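A.B. asks: Structure provided below as C-alpha coordinates; questions to follow.
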Amino acid sequence: MYLRKLKLINFRNYHQLDLKLHPKMNVFIGDNAQGKTNILEAIYMTGTGKSFRTSKEREIIKMDKDKSYIHVEGEKKYTSVSVEIKLEENKKKQMKVNGVTLTKNVDLLSNVHVIVFSPEDLKLVKEGPVERRKFMDIEISNMKPRYYHQLGQYNRVLIQRNNLLKKIHHDRKYMATLDIWDEKLVELGTSIMKERIKFILRLNTLSRLLHRKITDNKENLEIKYMSNIKEVHDEERIQHYFHRDLKKVLDIDIQRGTTTVGPHRDDLGVYVNGIDIRIFGSQGQQRTSALALKLAEIELMKAETGEYPILLLDDVMSELDVKRQAFLVKSLRDIQTFITTTDLNALSTLNLEAKNIYYVEKATVRQNDEKDINELKSK
Ligand SMILES: Nc1ncnc2c1ncn2[C@@H]1O[C@H](COP(=O)(O)OP(=O)(O)O)[C@@H](O)[C@H]1O
Ligand SMILES: [Mg+2]
(Lines give C-alpha, C1' and ligand atoms only; values in the text may rest on other atoms or scores of the structure.)
(Ligands and ions follow the chains in the order given, each with its own letter.)
Protein backbone atom coordinates (compact mmCIF):
# COMPACT_ATOMS: atom_id res chain seq x y z
CA MET A 1 0.00 0.00 0.00
CA TYR A 2 1.06 3.61 -0.20
CA LEU A 3 0.00 7.04 1.01
CA ARG A 4 -0.73 9.85 -1.42
CA LYS A 5 -1.31 12.77 0.90
CA LEU A 6 -0.50 13.88 4.41
CA LYS A 7 -2.09 16.79 6.21
CA LEU A 8 -1.16 18.03 9.67
CA ILE A 9 -2.67 20.79 11.79
CA ASN A 10 -1.07 21.80 15.09
CA PHE A 11 0.88 18.56 15.24
CA ARG A 12 4.15 18.91 17.25
CA ASN A 13 5.97 21.95 15.79
CA TYR A 14 3.79 22.09 12.64
CA HIS A 15 1.12 24.73 12.41
CA GLN A 16 -0.14 23.39 9.12
CA LEU A 17 1.40 21.02 6.63
CA ASP A 18 0.10 19.61 3.35
CA LEU A 19 2.31 17.15 1.55
CA LYS A 20 1.94 15.20 -1.64
CA LEU A 21 3.81 11.94 -1.22
CA HIS A 22 5.78 9.82 -3.63
CA PRO A 23 4.45 6.25 -3.95
CA LYS A 24 7.95 4.83 -3.44
CA MET A 25 10.68 6.92 -1.88
CA ASN A 26 10.29 10.04 0.27
CA VAL A 27 13.41 11.59 1.78
CA PHE A 28 13.32 14.28 4.47
CA ILE A 29 16.55 16.19 4.87
CA GLY A 30 17.32 18.81 7.49
CA ASP A 31 19.28 19.70 10.59
CA ASN A 32 18.38 18.35 14.01
CA ALA A 33 15.17 19.44 15.73
CA GLN A 34 13.54 20.84 12.58
CA GLY A 35 10.57 18.46 12.39
CA LYS A 36 11.64 15.44 10.34
CA THR A 37 10.81 12.71 12.85
CA ASN A 38 7.56 14.49 13.69
CA ILE A 39 6.34 13.69 10.18
CA LEU A 40 7.15 10.00 10.59
CA GLU A 41 5.48 10.03 13.98
CA ALA A 42 2.27 11.37 12.44
CA ILE A 43 2.27 8.68 9.76
CA TYR A 44 2.92 5.99 12.37
CA MET A 45 -0.04 7.22 14.38
CA THR A 46 -2.39 6.75 11.45
CA GLY A 47 -1.36 3.09 11.39
CA THR A 48 -1.31 2.29 15.09
CA GLY A 49 -3.17 5.09 16.88
CA LYS A 50 -0.04 5.59 18.95
CA SER A 51 3.26 7.40 18.81
CA PHE A 52 6.54 5.49 18.74
CA ARG A 53 8.07 8.20 20.92
CA THR A 54 5.63 8.98 23.69
CA SER A 55 2.55 7.64 25.42
CA LYS A 56 1.50 11.16 26.42
CA GLU A 57 -0.78 12.56 23.77
CA ARG A 58 -0.53 16.07 25.20
CA GLU A 59 3.10 16.19 24.05
CA ILE A 60 1.99 15.72 20.48
CA ILE A 61 -0.41 18.66 20.33
CA LYS A 62 1.37 21.85 19.32
CA MET A 63 2.57 23.58 22.46
CA ASP A 64 0.35 26.67 22.35
CA LYS A 65 -2.74 24.82 21.04
CA ASP A 66 -5.33 22.45 22.47
CA LYS A 67 -6.17 20.38 19.37
CA SER A 68 -4.24 18.46 16.82
CA TYR A 69 -5.24 16.85 13.51
CA ILE A 70 -3.68 14.27 11.20
CA HIS A 71 -5.10 13.13 7.88
CA VAL A 72 -3.65 10.68 5.38
CA GLU A 73 -5.05 9.37 2.13
CA GLY A 74 -3.66 6.31 0.47
CA GLU A 75 -4.18 3.44 -1.93
CA LYS A 76 -4.39 -0.23 -1.12
CA LYS A 77 -4.54 -3.10 -3.56
CA TYR A 78 -8.31 -2.96 -4.02
CA THR A 79 -9.46 0.20 -2.22
CA SER A 80 -8.56 3.73 -1.25
CA VAL A 81 -8.14 4.53 2.41
CA SER A 82 -8.43 7.75 4.38
CA VAL A 83 -7.52 7.98 8.07
CA GLU A 84 -8.12 11.00 10.29
CA ILE A 85 -7.06 11.43 13.89
CA LYS A 86 -8.09 14.30 16.12
CA LEU A 87 -6.34 14.82 19.43
CA GLU A 88 -7.89 17.17 21.91
CA GLU A 89 -6.62 18.09 25.35
CA ASN A 90 -8.43 16.17 28.11
CA LYS A 91 -10.56 14.29 25.60
CA LYS A 92 -10.51 10.84 24.06
CA LYS A 93 -8.86 10.83 20.68
CA GLN A 94 -11.20 10.64 17.71
CA MET A 95 -10.43 8.46 14.75
CA LYS A 96 -12.13 8.19 11.39
CA VAL A 97 -11.56 5.69 8.62
CA ASN A 98 -13.04 6.63 5.24
CA GLY A 99 -15.11 9.27 7.00
CA VAL A 100 -16.64 6.88 9.55
CA THR A 101 -15.92 7.44 13.24
CA LEU A 102 -14.42 4.41 14.97
CA THR A 103 -15.93 3.24 18.23
CA LYS A 104 -13.09 0.84 19.08
CA ASN A 105 -9.41 1.73 18.89
CA VAL A 106 -8.45 -1.70 17.55
CA ASP A 107 -10.50 -1.05 14.41
CA LEU A 108 -7.84 1.39 13.29
CA LEU A 109 -5.19 -1.30 13.03
CA SER A 110 -6.08 -3.03 9.78
CA ASN A 111 -6.03 0.12 7.66
CA VAL A 112 -2.59 1.67 7.29
CA HIS A 113 0.16 -0.89 7.91
CA VAL A 114 3.39 0.67 9.02
CA ILE A 115 6.79 -0.41 10.31
CA VAL A 116 9.30 1.94 11.86
CA PHE A 117 13.04 1.38 11.85
CA SER A 118 15.27 3.58 14.01
CA PRO A 119 18.87 3.45 15.31
CA GLU A 120 17.54 1.72 18.45
CA ASP A 121 16.43 -1.20 16.29
CA LEU A 122 19.99 -1.62 15.07
CA LYS A 123 20.97 -2.20 18.69
CA LEU A 124 18.33 -4.89 19.12
CA VAL A 125 20.81 -7.76 19.19
CA LYS A 126 23.32 -6.02 21.40
CA GLU A 127 20.89 -4.88 24.06
CA GLY A 128 19.15 -6.78 26.83
CA PRO A 129 16.22 -9.21 26.71
CA VAL A 130 13.75 -6.41 27.55
CA GLU A 131 14.33 -4.81 24.13
CA ARG A 132 14.08 -8.12 22.31
CA ARG A 133 10.84 -9.00 24.09
CA LYS A 134 9.51 -5.58 23.17
CA PHE A 135 10.44 -6.24 19.54
CA MET A 136 8.52 -9.54 19.54
CA ASP A 137 5.54 -8.01 21.29
CA ILE A 138 5.22 -4.99 19.01
CA GLU A 139 5.59 -7.04 15.84
CA ILE A 140 3.14 -9.74 16.86
CA SER A 141 0.66 -7.12 18.12
CA ASN A 142 0.84 -5.30 14.79
CA MET A 143 -0.28 -8.44 13.04
CA LYS A 144 -2.56 -9.75 15.80
CA PRO A 145 -4.39 -7.18 17.93
CA ARG A 146 -5.69 -10.07 20.11
CA TYR A 147 -2.14 -10.80 21.22
CA TYR A 148 -1.74 -7.23 22.46
CA HIS A 149 -4.88 -7.65 24.49
CA GLN A 150 -3.72 -10.92 26.06
CA LEU A 151 -0.33 -9.48 26.88
CA GLY A 152 -1.99 -6.67 28.81
CA GLN A 153 -4.08 -9.20 30.73
CA TYR A 154 -1.04 -11.34 31.47
CA ASN A 155 0.87 -8.36 32.86
CA ARG A 156 -2.02 -7.42 35.11
CA VAL A 157 -2.31 -10.97 36.46
CA LEU A 158 1.44 -11.00 37.02
CA ILE A 159 1.26 -7.84 39.15
CA GLN A 160 -1.57 -9.34 41.21
CA ARG A 161 0.32 -12.58 41.72
CA ASN A 162 3.47 -10.72 42.79
CA ASN A 163 1.47 -8.70 45.31
CA LEU A 164 0.02 -11.93 46.65
CA LEU A 165 3.50 -13.48 46.96
CA LYS A 166 4.55 -10.54 49.14
CA LYS A 167 1.51 -11.07 51.37
CA ILE A 168 2.22 -14.81 51.63
CA HIS A 169 5.74 -13.97 52.73
CA HIS A 170 4.26 -12.28 55.79
CA ASP A 171 1.32 -14.58 56.35
CA ARG A 172 0.91 -18.10 54.97
CA LYS A 173 -2.85 -17.97 55.15
CA TYR A 174 -2.86 -16.10 51.82
CA MET A 175 -1.61 -19.30 50.10
CA ALA A 176 -5.23 -20.33 49.64
CA THR A 177 -5.83 -17.96 46.69
CA LEU A 178 -2.54 -18.56 44.87
CA ASP A 179 -3.89 -21.39 42.72
CA ILE A 180 -6.48 -19.13 41.12
CA TRP A 181 -3.82 -16.67 40.00
CA ASP A 182 -1.52 -19.45 38.82
CA GLU A 183 -4.31 -20.86 36.72
CA LYS A 184 -4.84 -17.51 34.98
CA LEU A 185 -1.15 -16.82 34.60
CA VAL A 186 -0.54 -20.19 32.95
CA GLU A 187 -3.51 -19.89 30.64
CA LEU A 188 -2.62 -16.41 29.36
CA GLY A 189 1.11 -17.10 29.43
CA THR A 190 0.66 -20.20 27.29
CA SER A 191 -1.19 -18.27 24.58
CA ILE A 192 1.57 -15.69 24.55
CA MET A 193 4.29 -18.29 24.30
CA LYS A 194 2.50 -20.11 21.50
CA GLU A 195 2.26 -16.92 19.44
CA ARG A 196 5.90 -16.08 20.08
CA ILE A 197 7.02 -19.56 19.01
CA LYS A 198 5.02 -19.29 15.79
CA PHE A 199 6.33 -15.80 15.07
CA ILE A 200 9.96 -16.77 15.65
CA LEU A 201 9.73 -19.86 13.45
CA ARG A 202 8.52 -17.76 10.53
CA LEU A 203 10.88 -14.89 11.25
CA ASN A 204 13.77 -17.35 11.39
CA THR A 205 13.16 -18.68 7.89
CA LEU A 206 12.82 -15.22 6.36
CA SER A 207 15.65 -13.49 8.20
CA ARG A 208 18.07 -16.32 7.45
CA LEU A 209 17.53 -15.85 3.70
CA LEU A 210 17.96 -12.08 3.87
CA HIS A 211 21.01 -12.41 6.08
CA ARG A 212 22.64 -14.79 3.63
CA LYS A 213 22.20 -12.18 0.90
CA ILE A 214 23.67 -9.36 2.99
CA THR A 215 26.69 -11.45 3.93
CA ASP A 216 27.27 -12.96 0.46
CA ASN A 217 26.38 -16.41 1.81
CA LYS A 218 29.20 -16.30 4.31
CA GLU A 219 27.14 -16.27 7.46
CA ASN A 220 24.29 -18.32 8.73
CA LEU A 221 21.77 -16.59 10.98
CA GLU A 222 19.56 -18.51 13.34
CA ILE A 223 17.11 -17.04 15.80
CA LYS A 224 15.62 -19.12 18.58
CA TYR A 225 12.94 -18.73 21.14
CA MET A 226 14.50 -18.76 24.59
CA SER A 227 12.25 -19.43 27.53
CA ASN A 228 13.00 -20.29 31.12
CA ILE A 229 10.24 -22.89 30.96
CA LYS A 230 11.84 -26.19 30.05
CA GLU A 231 9.76 -27.69 27.27
CA VAL A 232 8.12 -25.57 24.66
CA HIS A 233 6.07 -27.53 22.15
CA ASP A 234 2.35 -28.06 22.13
CA GLU A 235 -0.10 -26.17 24.30
CA GLU A 236 -0.67 -28.94 26.82
CA ARG A 237 2.98 -29.44 27.48
CA ILE A 238 3.68 -25.74 27.81
CA GLN A 239 0.90 -25.52 30.40
CA HIS A 240 2.18 -28.57 32.24
CA TYR A 241 5.76 -27.34 32.50
CA PHE A 242 4.76 -23.75 33.26
CA HIS A 243 2.71 -25.03 36.23
CA ARG A 244 5.46 -27.36 37.34
CA ASP A 245 8.13 -24.66 37.20
CA LEU A 246 5.99 -22.15 39.10
CA LYS A 247 5.71 -24.73 41.90
CA LYS A 248 9.41 -25.57 41.73
CA VAL A 249 10.55 -22.02 42.40
CA LEU A 250 7.68 -21.04 44.67
CA ASP A 251 9.77 -20.78 47.85
CA ILE A 252 12.29 -18.50 46.19
CA ASP A 253 9.50 -16.45 44.59
CA ILE A 254 7.81 -15.96 47.96
CA GLN A 255 11.12 -14.83 49.43
CA ARG A 256 11.65 -12.32 46.62
CA GLY A 257 8.04 -11.31 46.18
CA THR A 258 8.25 -11.78 42.43
CA THR A 259 7.52 -14.41 39.76
CA THR A 260 10.76 -15.68 38.25
CA VAL A 261 9.40 -18.03 35.57
CA GLY A 262 7.13 -17.24 32.66
CA PRO A 263 7.10 -15.47 29.29
CA HIS A 264 7.85 -12.11 30.95
CA ARG A 265 11.40 -13.46 31.19
CA ASP A 266 11.64 -14.74 27.61
CA ASP A 267 14.38 -13.81 25.20
CA LEU A 268 15.23 -14.15 21.54
CA GLY A 269 18.48 -16.04 20.93
CA VAL A 270 20.49 -14.77 17.96
CA TYR A 271 23.18 -17.03 16.53
CA VAL A 272 25.56 -16.55 13.63
CA ASN A 273 27.38 -19.67 12.45
CA GLY A 274 26.38 -21.23 15.75
CA ILE A 275 27.79 -18.47 17.94
CA ASP A 276 25.59 -16.48 20.30
CA ILE A 277 26.15 -13.00 18.91
CA ARG A 278 24.12 -11.28 21.62
CA ILE A 279 27.28 -11.76 23.65
CA PHE A 280 30.07 -12.73 21.28
CA GLY A 281 29.14 -10.91 18.07
CA SER A 282 31.04 -8.01 16.54
CA GLN A 283 29.11 -4.78 16.19
CA GLY A 284 28.91 -5.40 12.45
CA GLN A 285 27.39 -8.84 12.97
CA GLN A 286 24.93 -7.51 15.49
CA ARG A 287 23.79 -4.76 13.16
CA THR A 288 23.58 -6.98 10.11
CA SER A 289 21.36 -9.43 11.94
CA ALA A 290 19.19 -6.62 13.28
CA LEU A 291 18.79 -5.36 9.71
CA ALA A 292 17.88 -8.85 8.51
CA LEU A 293 15.30 -9.23 11.29
CA LYS A 294 13.71 -5.92 10.47
CA LEU A 295 13.53 -6.68 6.75
CA ALA A 296 12.11 -10.12 7.53
CA GLU A 297 9.39 -8.41 9.50
CA ILE A 298 8.34 -6.50 6.38
CA GLU A 299 7.97 -9.79 4.49
CA LEU A 300 6.01 -11.30 7.37
CA MET A 301 3.62 -8.39 7.36
CA LYS A 302 3.15 -8.81 3.62
CA ALA A 303 2.41 -12.51 4.09
CA GLU A 304 -0.06 -11.67 6.84
CA THR A 305 -1.93 -8.78 5.22
CA GLY A 306 -1.45 -9.41 1.50
CA GLU A 307 0.46 -6.19 0.86
CA TYR A 308 3.66 -4.49 1.81
CA PRO A 309 3.48 -2.09 4.75
CA ILE A 310 4.79 1.46 4.69
CA LEU A 311 8.30 1.74 6.06
CA LEU A 312 9.60 4.61 8.18
CA LEU A 313 13.38 4.86 8.42
CA ASP A 314 14.29 7.37 11.08
CA ASP A 315 17.97 8.36 10.92
CA VAL A 316 19.16 4.87 10.08
CA MET A 317 20.93 5.50 6.79
CA SER A 318 23.95 7.24 8.32
CA GLU A 319 24.24 4.39 10.86
CA LEU A 320 24.86 1.84 8.13
CA ASP A 321 27.92 1.39 5.97
CA VAL A 322 27.58 1.84 2.22
CA LYS A 323 27.14 -1.85 1.50
CA ARG A 324 24.33 -2.30 4.00
CA GLN A 325 22.72 0.96 2.87
CA ALA A 326 22.71 -0.32 -0.69
CA PHE A 327 21.19 -3.63 0.36
CA LEU A 328 18.52 -1.88 2.34
CA VAL A 329 17.59 0.42 -0.52
CA LYS A 330 17.52 -2.48 -2.96
CA SER A 331 15.20 -4.39 -0.65
CA LEU A 332 12.79 -1.47 -0.58
CA ARG A 333 12.05 -1.29 -4.30
CA ASP A 334 8.39 -2.20 -3.89
CA ILE A 335 7.73 -0.45 -0.61
CA GLN A 336 6.72 3.10 0.09
CA THR A 337 9.48 4.41 2.30
CA PHE A 338 9.95 7.57 4.35
CA ILE A 339 13.54 8.33 5.20
CA THR A 340 14.84 11.07 7.49
CA THR A 341 18.46 12.11 7.46
CA THR A 342 20.67 15.03 8.46
CA ASP A 343 23.32 13.84 6.09
CA LEU A 344 23.11 14.70 2.42
CA ASN A 345 25.74 12.07 1.63
CA ALA A 346 23.38 9.36 2.79
CA LEU A 347 21.53 10.16 -0.39
CA SER A 348 24.25 8.88 -2.67
CA THR A 349 22.96 5.31 -2.38
CA LEU A 350 19.51 6.56 -3.24
CA ASN A 351 20.63 8.27 -6.42
CA LEU A 352 19.16 5.77 -8.83
CA GLU A 353 15.78 5.63 -7.19
CA ALA A 354 12.79 7.72 -8.21
CA LYS A 355 11.95 9.82 -5.20
CA ASN A 356 10.67 12.98 -3.62
CA ILE A 357 13.12 15.01 -1.59
CA TYR A 358 11.85 17.37 1.07
CA TYR A 359 13.95 19.92 2.86
CA VAL A 360 12.75 20.44 6.43
CA GLU A 361 13.58 23.63 8.28
CA LYS A 362 11.80 24.99 11.35
CA ALA A 363 8.56 23.17 10.65
CA THR A 364 8.36 24.19 7.02
CA VAL A 365 8.81 21.61 4.33
CA ARG A 366 10.04 22.53 0.89
CA GLN A 367 10.02 19.99 -1.88
CA ASN A 368 13.35 19.98 -3.63
CA ASP A 369 14.51 18.50 -6.83
CA GLU A 370 17.85 16.84 -7.38
CA LYS A 371 19.40 20.04 -8.73
CA ASP A 372 18.75 22.00 -5.54
CA ILE A 373 20.25 19.22 -3.51
CA ASN A 374 23.40 19.20 -5.62
CA GLU A 375 23.70 22.94 -5.06
CA LEU A 376 23.30 22.41 -1.33
CA LYS A 377 25.97 19.74 -1.41
CA SER A 378 28.47 21.94 -3.22
CA LYS A 379 28.16 24.70 -0.61
N1 LIG B 1 4.12 19.69 21.11
C2 LIG B 1 5.05 20.42 20.48
N3 LIG B 1 4.79 21.70 20.12
C4 LIG B 1 5.71 22.45 19.47
N5 LIG B 1 6.91 22.00 19.12
C6 LIG B 1 7.24 20.74 19.43
C7 LIG B 1 6.32 19.88 20.12
N8 LIG B 1 6.91 18.68 20.29
C9 LIG B 1 8.14 18.79 19.73
N10 LIG B 1 8.34 20.03 19.23
C11 LIG B 1 9.53 20.52 18.51
O12 LIG B 1 9.81 19.68 17.40
C13 LIG B 1 11.19 19.70 17.14
C14 LIG B 1 11.72 18.31 17.04
O15 LIG B 1 11.20 17.72 15.91
P16 LIG B 1 11.78 16.37 15.34
O17 LIG B 1 10.88 15.98 14.24
O18 LIG B 1 12.01 15.40 16.43
O19 LIG B 1 13.19 16.85 14.79
P20 LIG B 1 14.18 16.16 13.77
O21 LIG B 1 14.16 17.01 12.53
O22 LIG B 1 15.50 16.22 14.45
O23 LIG B 1 13.71 14.77 13.53
C24 LIG B 1 11.87 20.41 18.28
O25 LIG B 1 12.22 21.69 17.84
C26 LIG B 1 10.80 20.44 19.33
O27 LIG B 1 10.93 21.55 20.17
MG1 LIG C 1 14.67 13.03 14.24
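The values are calculated or read from the model by the stated rules, or taken from the named source; none is laboratory data. A quick note: this is a predicted structure, and the numbers were derived from the prediction, not measured. Quick reminder, even Gly has a Cβ in these numbers, built from the backbone with ideal geometry, and neighbours come from all protein chains shown. All accessible areas refer to the heavy atoms of the entire protein, side chains included, with ligands and DNA or RNA removed. Shrake-Rupley method; radii C 1.70, N 1.55, O 1.52, S 1.80 Å.
A.B. asks: Among the residues that make up segment 103-123, is at least one of them over 29 Å from L350 (Cβ atoms), within 16 Å of ligand 1 (Cβ to nearest atom) and charged (D, E, K, R)?
C.D. replies: No, that holds for no residue.
A.B. asks: Further question on the same structure: Determine which member of the set V81, V27 is at pLDDT below 95 and not in a loop (DSSP other than H, G, I, E, B).
C.D. replies: After applying the criteria, what remains is V27.
A.B. asks: While we're on this one: If I filter segment 22-36 down to residues being open to solvent by 20 Å² or more (accessible area, probe 1.4 Å) and of a type outside the set (G, A, S), which single residue comes out as farthest from M95 (Cα to Cα)?
C.D. replies: Going through the qualifying residues, I end up with D31.
A.B. asks: Considering only segment 49-70, state which residues are over 15 Å from N10 (Cβ atoms), surrounded by 14 or more Cβ atoms within 10 Å (Cβ to Cβ) and within 10 Å of ligand 1 (Cβ to nearest atom).
C.D. replies: Selection gives R53 alone.
A.B. asks: Select, from K166, K144, K134, the only residue that is open to solvent by 20 Å² or more (accessible area, probe 1.4 Å), of a type outside the set (S, T, N, Q) and over 15 Å from the mean Cα position of the chain (by Cα).
C.D. replies: Matching residue, one of K166, K144, K134: K166.
A.B. asks: Does at least one position in segment 220-233 carry a residue that is open to solvent by less than 70 Å² (accessible area, probe 1.4 Å), under 30 Å from I339 (Cα atoms) and in contact (Cβ under 8 Å) with a residue 60 or more places away in the chain?
C.D. replies: Checked segment 220-233: at least one residue is open to solvent by less than 70 Å² (accessible area, probe 1.4 Å), under 30 Å from I339 (Cα atoms) and in contact (Cβ under 8 Å) with a residue 60 or more places away in the chain.
A.B. asks: Considering each of L332, L328, L350, L313 in turn, give the residue that is open to solvent by less than 50 Å² (accessible area, probe 1.4 Å), within 16 Å of ligand 1 (Cβ to nearest atom) and either assigned by TED's automatic domain parsing to the domain that holds T46 or within 29 Å of I9 (Cβ to Cβ) (or both).
C.D. replies: Being open to solvent by less than 50 Å² (accessible area, probe 1.4 Å), within 16 Å of ligand 1 (Cβ to nearest atom) and either assigned by TED's automatic domain parsing to the domain that holds T46 or within 29 Å of I9 (Cβ to Cβ) (or both) holds for just one of L332, L328, L350, L313, which is L313.
A.B. asks: May I pose another question? Which of the residues spanning segment 335-360 are within 18 Å of I115 (Cβ to Cβ) and out of contact with any helix residue (DSSP H, G or I) (no Cβ under 9 Å at 6 or more places or on another chain)?
C.D. replies: Result: Q336, single match.
A.B. asks: Continuing with this model, one more query. Look through A290, A296 and report the one residue that is more than 30 Å from T79 (Cβ to Cβ), open to solvent by less than 30 Å² (accessible area, probe 1.4 Å), under 23 Å from the mean Cα position of the chain (by Cα) and in contact (Cβ under 8 Å) with a residue 60 or more places away in the chain.
C.D. replies: Result: A290 is the single residue among A290, A296 that is more than 30 Å from T79 (Cβ to Cβ), open to solvent by less than 30 Å² (accessible area, probe 1.4 Å), under 23 Å from the mean Cα position of the chain (by Cα) and in contact (Cβ under 8 Å) with a residue 60 or more places away in the chain.
A.B. asks: Go through segment 292-332 and report how many residues are of a type in the set (D, E), at negative phi and within 16 Å of ligand 2 (Cβ to nearest atom).
C.D. replies: 2
A.B. asks: Right, another one. Sort through I254, I339, I335 and tell me the only one that's farther than 20 Å from L203 by Cβ, of a type outside the set (D, E) and under 20 Å from the mean Cα position of the chain (by Cα).
C.D. replies: I339
A.B. asks: Grab the helices (runs of 4 or more DSSP H) fully contained in segment 227-343, keeping just those with 2 or more residues being within 15 Å of D121 (Cβ to Cβ).
C.D. replies: Correct list: 283-305, 322-331.
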